[in-house]
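Novice: Input: one structure, supplied below.
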Amino acid sequence: MVPSPDFRFRPASSADLPLLAAALLANLNAVRPTVTANTLETDPRFRHYVADFAGPHDFGVVAETPTGEPLGVAWARLSTHSDPAPGYLGDDTPEVLITVFEGQRGLGIGYELLIEIEKLAIGRGFTRLSLWVEDGNRSRRLYERQGFREVEARGIYLYMRREPDDRAAA
């Protein structure tokens, strides 16, 4: 699938922290509204996903209109065993977060964001990726089509990983 002329990609940067926070909040509330903006700011579990973005193992891409309006974002962060994010699945496995904003879903933007973040990961030498999705979120089908497999369930979230050969088998 080739990006529509209606949107383009640009690299995510530290200037996108408010966008990443809004995207994380949308992800956490995709099926069941459970997290408030205040919780996002005060709960230390969420700092892994947005604090100090643009470190050496952080990468991402923003889908936006030609005028710069964000339509969605995908970003990845690598956490470690000594300081794990809630979705940590290994020191060599960046955790990917993808959000397509309300009103933009169902247009192929999520698929394109996933392909772009996979390219960035491969370009940085990563062969595995992980992500989490709320049980009941339709995005799960997209992730499974792209080779992500469920590793475990924790509460309302399903944790998924794509191994190097999983995408080819999908």
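The values are calculated or read from the model by the stated rules, or taken from the named source; none is laboratory data. The structure presented is a predicted model; accordingly, all values stated were derived computationally and were not measured. For neighbour counting, all protein chains shown are included, and Cβ atoms are generated from backbone atoms with ideal geometry for every residue, glycine included. Note: areas computed on protein heavy atoms with side chains; ligands, DNA, RNA excluded. Shrake-Rupley method; radii C 1.70, N 1.55, O 1.52, S 1.80 Å.
Novice: Return a yes/no flag: does segment 59-72 have any residue that is touching a helix residue (DSSP H, G or I) at 6+ places or on another chain (Cβ under 8 Å), touching a residue at least 40 places away in the same chain (Cβ under 8 Å), of a type in the set (Asp, Glu) and farther than 22 Å from ARG149 by Cβ. Lay out the reasoning, then the answer.
Specialist: Pass one, segment 59-72, residues touching a helix residue (DSSP H, G or I) at 6+ places or on another chain (Cβ under 8 Å): 59-63, 70-72.
Now drop any that are not touching a residue at least 40 places away in the same chain (Cβ under 8 Å), which leaves 59-63, 70-72.
Applying the additional criterion that residues be of a type in the set (Asp, Glu) yields none.
No, because not a single residue in segment 59-72 is touching a helix residue (DSSP H, G or I) at 6+ places or on another chain (Cβ under 8 Å), touching a residue at least 40 places away in the same chain (Cβ under 8 Å), of a type in the set (Asp, Glu) and farther than 22 Å from ARG149 by Cβ.
Novice: Can you name the residue in segment 76-122 that is of a type in the set (A, V, I, L, M, F, W, C) and closer than 13 Å to TRP132 by Cα and, of all such residues, is modelled with the lowest pLDDT? Step through it out loud before you land on a result.
Specialist: Within segment 76-122, the first condition is being of a type in the set (A, V, I, L, M, F, W, C), and the residues that meet it are 76, 78, 85, 89, 96-98, 100-101, 107, 109, 113-115, 117, 120-122.
So of that shortlist, the ones also closer than 13 Å to TRP132 by Cα come out as 76, 85, 89, 96-98.
Numbers: ALA76: 95, ALA85: 84, LEU89: 88, VAL96: 95, LEU97: 94, ILE98: 96.
My answer is ALA85.
For (1) surrounded by fewer than 12 Cβ atoms within 10 Å (Cβ to Cβ); (2) more than 20 Å from ARG124 (Cβ to Cβ); (3) at pLDDT 90 or above; (4) not aromatic (Phe, Trp, Tyr), each residue gets a yes or a no:
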residue: PRO5; (1), (2), (3), (4): yes, yes, no, yes
residue: PRO11; (1), (2), (3), (4): no, no, yes, yes
residue: ALA15; (1), (2), (3), (4): yes, yes, yes, yes
residue: ALA37; (1), (2), (3), (4): yes, yes, no, yes
residue: THR42; (1), (2), (3), (4): yes, yes, no, yes
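Novice: Return yes or no: is LEU25 open to solvent by 40 Å² or more (accessible area, probe 1.4 Å), touching a residue at least 24 places away in the same chain (Cβ under 8 Å) and more than 18 Å from PHE148 (Cβ to Cβ)?
Specialist: Answer is no for this residue.
Novice: Next up: Going by the structure shown, is THR65 hydroxyl-bearing (Ser, Thr, Tyr), open to solvent by less than 30 Å² (accessible area, probe 1.4 Å) and more than 24 Å from ARG162 (Cα to Cα)? Please lay out each step first, then the result.
Specialist: Working: hydroxyl-bearing (Ser, Thr, Tyr): yes; open to solvent by less than 30 Å² (accessible area, probe 1.4 Å): yes; more than 24 Å from ARG162 (Cα to Cα): yes.
Yes; evaluated as a whole, the condition is true for this residue.
Novice: A further question follows. Would you point out which residue out of LEU107, LEU158, LEU142 is open to solvent by 30 Å² or more (accessible area, probe 1.4 Å) and farther than 20 Å from ALA21 by Cα?
Specialist: Values: LEU158 fails: open to solvent by 30 Å² or more (accessible area, probe 1.4 Å); LEU142 fails: open to solvent by 30 Å² or more (accessible area, probe 1.4 Å).
None of the other options fit; the residue is LEU107.
Novice: Further question on the same structure: From (1) modelled with pLDDT of 90 or more; (2) more than 15 Å from ALA21 (Cβ to Cβ); (3) acidic (Asp, Glu), pick out the condition that doesn't hold for ASP58.
Specialist: The single condition ASP58 does not satisfy is (2).
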